[in-house]
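Undergrad: I'd like to ask some things about the structure below.
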Amino acid sequence: MQTSELLNNYDVDAGTWDEMYKDSAVREQYRAVVDFMQQLSVEELNKKEELARGLFMTQGITFTVYSSGEGIEKIFPFDIIPRIITASEWSYIEEGIKQRLKALNLFLKDVYNEQFIIKDGVIPAEMIYSCPHYLREMYKFPVPYDIYVHIAGIDLIRNSDGSFYILEDNLRTPSGVSYMLENREITKRLFPDLLPKNNVRTVNEYPNILHKNLVSLSPRQIANPTIVVLTPGIYNSAYFEHTTLARMMGVELVEGRDLVVDNHRVYMKTTAGRQLVDVIYRRVDDDFLDPLIFNPNSMLGVAGIMSAYRKGNVAVVNALGNGVADDKAIYAYVPAMIKYYLNEDPLLRNVPTYQLSKPEEKELVFSNMNKMVIKKTNESGGYGMLMGHSASDEEIYNYKQEILKNPRQFIAQPIISLSSSPCYMNGKLVPRRVDLRPYALCGPNGVEIVPGGLTRVALKKGSLVVNSSQGGGSKDTWVLSV
Amino acid sequence: MFTKLSLVPTFKIHHVTRYQYEFPVRESANQILLFPIRDEYQQVAKQELSISGEPMVDIYKDFYGNEVGSFMNAEPHLELVIDTKTEVITTVRVLPSDDVPAEIQWEELKRVHTQFPFIDFLKQEQFNALDEVSEIVQSLESRLHTPLLAAKQLNEYVFRNFTYNKGITSVETTLDEIWKLKAGVCQDFAHLLLVMLKTIDIPARYVSGYICPHKNGMRGEGATHAWVEAYIPFYGWLGFDPTNNCIVDGVHVRLAVGRSFNDCSPVKGTYKGASSHTLDVGVSVAYEDGETSAEAPTLLVPQPVKVNNLSSNSYRRYMEMMQQQQ
Amino acid sequence: MLSRVADSLYWMSRYLERADGILRMLKINYASSQGDLQEFSWKPVLRLFTYMKEEEANTIAYDSRAVLQYMVTDKENPNSLVNIVTHARENARAVQDHITKEVWQCLNDYYHAVRDERLAHRLHKEDPISTLDVLIKQGLLYYGTADITMARGEGYAFINIGKYLERALQSADILDVKFSDAHFDFSKIHTTYWKYLLLSFSGYELYLKTYKSGFDAKNVVGQIVLNKDFPRSVIYSINRLSRYFERLENQGNKPGYETVEFLIGKLKSEISYTTVDMIEDAGLHNYLIKVKKELSEVANALNKNYFAYS
């Protein structure tokens, strides 16, 4: 009875890969979870949903939305049904991301030094120099161990045949990892014993690996260097995450005003005077980091920090200028980069991408607007996006005018349908579209990826937009060990 | 090339920048571009740099090859004085022969326009009057000449049509404002010429430095000067000084080149503290060319400063905190 | 410890203490308004605990429910409970990694409780005492949680410094409320007020045991200013302030320590050698003003020597 109640509305959209169902049968990896859910009554499931919401609220895992001068605390909606990734799927993803990051790091080093890839004509110079995130200040700038991307969040989606595609690389200050960690803690509370029974790999190692990597970057070779997480402050929507990471690593959470640069060294201001800082994991954007060099009006950064960084007196994580590598127009060249730097074929595919700065591609896009998603090259979080299939004629017309003003700022991609995954809603499981953002950590000893990630889900039926700013939610993400 | 050695002058440049604060300020961080470029046209014989508080100055090369000094002063202070005494020997240039046919030269410019470093020096700044400026440039039919002559023509256009007038503009003045005022100082003249050269695809870069005339009478003395370098095909970068309507040759000393004033600002800094400041700048040049030598006192002249009280704007602080998330 | 962190912990604690003081003050005055023969005026409360202008205060001075709403749920009132608790939580949010998860969760619950939309209705229609008690309990929960879970380090010292500094100020203010209205004449205040005051500060029994002669304004002043065993007294708060400050002695910053230590020590010895008669001679209001001024000097010195960062 309950069985059919829970699953009888589960209608997978045609032409969509479903994470749970295959030919109307539950996939092996989901069987145990589905069985478990079916033992529970609707009341019990509702109670679990309520418990999850309560846990988020009490723990202050919220982001603040400001309207009419007043802050409203919202929780990032959480769906109680985990998204499950098999061991073999994971090892493929893991290899693919490692390969991609290796190439992206080499690209950043190259583009800020010798620029072989430009000289060899693989990427046009214009593409680089027109990118607003290409920081001339980083040219020939010594970066410890030649690592630019220490922390990356790589967004993956699944096409109708189930193959993984890279949607975008986030190489500046990717956020969301605290949700990966907290979602897992919530699952432990909601479903006792379910995790060990299913051989789910742990994500707990993330803060330890990050901390180990940060320690290894310390300019002072001492056992206990001073590491700080630099946050823009409590009004930042990811503030909760900054706190969580600082707490989990046992390091200080600082704001720009806590730091001062003197004699090319960074200090934090403590009740006992100044204390030298060795490593800064900053969650402040490039442009705001040093008001002396970048945005002079910034009150979030620390004047002179670039000088301390250049002299090697402090390590900054991630490096500055990474935006040139996750620019949506540069994205199209990543497969070529992998080939160029590593002489390998890319394991994970790119979504075909059209450059609107190229006249012939622009024509193609303009005559197929309803099949395209158009994005701004230097924006993230789902801002400034046009979904061609759901846009009105007027929206399309206006957007075209925008594009014509500055075509370099736009790219277009065919709409990829995204896989669906079961969500619990009003006593039923329903399919909703998901993506996946695993977090990769690069240290002197290579790339490590914690088995898991943030699964973002579009909670509206049929919606393909998963960003939290656009009404998305999240799920715990299980990677199975067998 | 060096036939008239006796005419190669040595300039002794004394440059003082002084900030004074009403109340003590702290945590200042500063950047200076006060180190003359060293190349075949310019040698630096000697340079003494002294800064109040005697901070350690770190010197590095930026993207455009300029030497940049950076230093801090974290402790409370009432004054910041930056003093340089520099001896520079300039070499008289061999000017472009300009004997390659115009169309081949324009063709060459077309070829390099997607190449490094020219991309950076061709990117046009957007402002409201850009179309109007382009039309004027078109009407001058500069493209019918060689790029060298075109650059000369535009240089003269700015000189003739704009009034040299100190104190009506500042580093904050926009292109639209300058265009409306039809007046300004060297910086504004240079800014305009940059834009005009770019409208006909001649790569152009901003230059900051000193002007060192043998006798008084040129505009831009007593402070840092600014002009433009245009890229002349099959020759290289050549300086045009729209404030003085001349091609740069021997009496200009270059400190820095870049896309705009922002890349070349001789002195810039930030500090913390609820205090307004005053800024005085003085530049004096003595020269020796084997025949004459002169010593001049360095007069400090008050400069306009922009009022920027950031700490009180909590809205902006909040907006910054909200920065976009990845 | 970061100066900003110390500052935030100190302010978090001050705000929470202030919230407690305001709630109890409201409780006393509300209870008293129900028992008074003549019409009860909230004017002194509004004068001391809000920034309201005289004319504005006049419009609600005799409307207990309106005052309660203004003091508890009104977001336009910068000193309302909802704003004070929000400030406390904002400060806590900025130092989440320096307080225990339990303390943070406790403040979150407090915050959600004061923002509960039903609160205004309850204050308006239901028994205000029960409603105030629910909020007071949220505060008590915080005290207990902080006491049991927080490590006894520098942060804990700053939390307590803030708490006792604020408490000393609150106690002085609460005395001042009633006396300023009665023109500082000890005899003019009805004894039921004292009873409510002592009851809501859990000091009633102590009073009965200490002063067997019934209600006398002088004794009430004695207990609230000078009784070393009464945890709400000014002297108790200053002794505690001094004790927690002394824990910072070996945390570096010797010159700063000496400056603040001198000011606290001076205040402590002054109050130790004061009698109720001396207070009466000086005039209670003047005396309280002097104490408050010296407490502000301590606060300023802390600011300058420990919290300066921006």
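The values are calculated or read from the model by the stated rules, or taken from the named source; none is laboratory data. A quick note: this is a predicted structure, and the numbers were derived from the prediction, not measured. Note that each Cβ is placed from the backbone with ideal geometry, even for glycine, and that neighbours are counted across all protein chains shown.
Undergrad: Look through the stretch B:39-52, keep the residues that are in a loop (DSSP other than H, G, I, E, B) and at pLDDT below 95, and return whichever of them is farthest from B:Tyr287 (Cα to Cα).
TA: For the stretch B:39-52, the residue satisfying everything is B:Glu40.
Undergrad: On to the next question. With under 22 Å from the mean Cα position of the chain (by Cα) and either touching a residue at least 40 places away in the same chain (Cβ under 8 Å) or assigned to a helix (DSSP H, G or I) (or both) as the only criterion, which of A:Glu137, A:Glu95 stands out?
TA: A:Glu95
Undergrad: Taking the condition of being part of a strand (DSSP E or B) and of a type outside the set (Val, Ile, Thr), how many residues in the stretch A:415-441 meet it?
TA: 16
Undergrad: Another question, then. Could you grab me the full set of residues in the stretch A:366-381 that are among the hydroxyl-bearing types (Ser, Thr, Tyr) and crowded, with 16+ Cβ neighbours inside 10 Å?
TA: If the condition is that a residue be among the hydroxyl-bearing types (Ser, Thr, Tyr) and crowded, with 16+ Cβ neighbours inside 10 Å, then A:Thr377, A:Ser380 are the ones that fit.
Undergrad: Can you tell me which residues in the stretch A:105-124 are crowded, with 18+ Cβ neighbours inside 10 Å and either at the interface with another protein chain (Cβ under 9 Å from one of its Cβ atoms) or touching a Cys at 6+ places or on another chain (Cβ under 6 Å) (or both)?
TA: Hit for the stretch A:105-124 is A:Ile118, nothing else.
Undergrad: What do you reckon, is A:Asp161 in a strand (DSSP E or B), among the charged types (D, E, K, R) and either crowded, with 20+ Cβ neighbours inside 10 Å or more than 23 Å from the chain's Cα centre (by Cα) (or both)?
TA: Taking the combined requirement at face value, the residue does not satisfy it.
Undergrad: With a cut-off of at least 2 residues that are at the interface with chain C (Cβ under 9 Å from one of its Cβ atoms), in contact with a helix residue (DSSP H, G or I) (Cβ under 7 Å, 6 or more places away or on another chain) and among the hydrophobic types (A, V, I, L, M, F, W, C), name the helices (runs of 4 or more DSSP H) lying wholly within the stretch A:174-274.
TA: The helices (runs of 4 or more DSSP H) meeting that bar are A:239-249.
Undergrad: Within the stretch A:382-414, how many residues turn out to be surrounded by fewer than 18 Cβ atoms within 10 Å (Cβ to Cβ) and either assigned to a strand (DSSP E or B) or assigned by TED's automatic domain parsing to the domain that holds A:Leu40 (or both)?
TA: Here the count works out to 2.
Undergrad: Is one or more of the residues making up the stretch A:310-323 within 13 Å of another protein chain (Cβ to nearest Cβ), in a loop (DSSP other than H, G, I, E, B) and farther than 30 Å from A:Ala223 by Cβ?
TA: So far as the stretch A:310-323 goes, yes, one or more of its residues are within 13 Å of another protein chain (Cβ to nearest Cβ), in a loop (DSSP other than H, G, I, E, B) and farther than 30 Å from A:Ala223 by Cβ.
Undergrad: Only one of B:Leu144, B:Leu154, B:Leu149 is farther than 30 Å from A:Val260 by Cβ, away from chain A (no Cβ under 14 Å), surrounded by fewer than 16 Cβ atoms within 10 Å (Cβ to Cβ) and at pLDDT 95 or above. Can you tell me which?
TA: So the residue among B:Leu144, B:Leu154, B:Leu149 that is farther than 30 Å from A:Val260 by Cβ, away from chain A (no Cβ under 14 Å), surrounded by fewer than 16 Cβ atoms within 10 Å (Cβ to Cβ) and at pLDDT 95 or above is B:Leu149.
Undergrad: Specify the residue that is nearest to A:Gly301 (Cα to Cα); the eligible residues are those in the stretch C:288-303 that are touching a residue at least 12 places away in the same chain (Cβ under 8 Å) and either of a type in the set (Lys, Arg) or more than 14 Å from chain A (Cβ to nearest Cβ) (or both).
TA: Top of the filtered list is C:Ala299.
Okay, residues lined up against (1) more than 14 Å from chain A (Cβ to nearest Cβ); (2) touching an Asp or Glu at 6+ places or on another chain (Cβ under 9 Å):
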{"position": "B:Asp39", "(1), (2)": "yes, no"}
{"position": "B:Asp58", "(1), (2)": "no, no"}
{"position": "B:Gly69", "(1), (2)": "no, yes"}
{"position": "B:Ile89", "(1), (2)": "yes, no"}
{"position": "B:Val94", "(1), (2)": "yes, no"}
{"position": "B:Asp98", "(1), (2)": "yes, no"}
{"position": "B:Glu107", "(1), (2)": "yes, no"}
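Undergrad: Tell me the residue from C:Leu119, C:Leu169 that is within 23 Å of C:Ile235 (Cα to Cα) and either at pLDDT below 95 or surrounded by 15 or more Cβ atoms within 10 Å (Cβ to Cβ) (or both), please.
TA: Criteria check complete, one pass: C:Leu169.
Undergrad: Return the only residue of B:Cys186, B:Cys246 being under 14 Å from the mean Cα position of the chain (by Cα), surrounded by fewer than 24 Cβ atoms within 10 Å (Cβ to Cβ) and closer than 25 Å to B:Thr90 by Cα.
TA: B:Cys186
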